[in-house]
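Please read the structure below before turning to the comments.
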Amino acid sequence: MKSVTDYSFHLIQGPISSEIGSEVIRLWTESAGLSAGIAAQRLKELALILKDKSGKVIGVSTAVKTYFPQIHNYVYAYRCFIHPEFRAPALDTQMIVRTKNHLQEVSKGETANKCVGIMVIVQNEIIKSQWKQAVWLGADMIYVGNTAEGHHIRVGYFKGARI
């Protein structure tokens, strides 16, 4: 069985190489069903890259600043994709935690529209049906409601966040 220790996590703190960009676009288009155009647009939202032991990109997280009216604050809208062949228990949780910690540091330098945390729209039916706890302890994400389509909305506040 695959484990979190089989992978390496790489936070994005600036421009990425064209090689990494091409590899991420390939992951999204071949495995996640995104068009090349949408995949190229999302490159600027990259927050974390997940690699296997050979150095191949097998997962990504993205984040984009957005105003979330339900909590009257800005958050980073978070997305995550892990290639199905490489999924492992708690890997998605590690990606959320590492991305959230990274974005908390980024937010410290913000002066306008400072983000108070991250927001996840849970579209995966298995996760929605099996992870019904109000608080996901490992990721420190709380349930705050549903979208019009019935997807769960979860928010993870940064340490010391004020609303």
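The values are calculated or read from the model by the stated rules, or taken from the named source; none is laboratory data. The model shown is predicted, which means the values in this text are computed figures rather than measured ones. Cβ coordinates were reconstructed from backbone atoms using ideal geometry, including for glycine residues, and neighbour counts include every protein chain displayed.
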Check: Give me the pairs: first residue in the stretch 24-48 and without any contact (Cβ under 8 Å) to a residue 60 or more places away in the chain, second residue assigned to a strand (DSSP E or B) and surrounded by fewer than 16 Cβ atoms within 10 Å (Cβ to Cβ), beta-carbon distance under 6 Å, and six or more apart or on different chains, which are they?
Finding: E45/V64
Next item on the list: Give I163, I153, I96 a once-over and let me know the one that is surrounded by fewer than 10 Cβ atoms within 10 Å (Cβ to Cβ) and touching a residue at least 12 places away in the same chain (Cβ under 8 Å).
Entry: I163
Item checked: Subset of the stretch 31-52 that is closer than 14 Å to I20 by Cα and in contact with an Asp or Glu (Cβ under 9 Å, 6 or more places away or on another chain) - its residue that is surrounded by the most Cβ atoms within 10 Å (Cβ to Cβ) -> I49
Check: Do you know which of the residues in the stretch 142-163 that are of a type in the set (G, A, S) and assigned to a strand (DSSP E or B) is nearest to C80 (Cα to Cα)?
Finding: G156
Item checked: Residue identified as more than 22 Å from K159 (Cβ to Cβ), assigned to a loop (DSSP other than H, G, I, E, B) and modelled with pLDDT of 95 or more among L34, L43 -> L34
Notebook entry, point to check: Quick check, is E105 of a type in the set (D, E), farther than 30 Å from Y157 by Cβ and free of Cβ contacts under 8 Å to residues at least 12 places away in the same chain?
Noted result: no
Next item on the list: Return a yes/no flag: does the stretch 61-80 have any residue that is in contact with a Ser or Thr (Cβ under 8 Å, 6 or more places away or on another chain) and over 24 Å from T147 (Cβ atoms).
Entry: no
Notebook entry, point to check: Out of the residues in the stretch 116-138 that are at pLDDT 90 or above and more than 15 Å from the chain's Cα centre (by Cα), which is surrounded by the most Cβ atoms within 10 Å (Cβ to Cβ)?
Noted result: V116
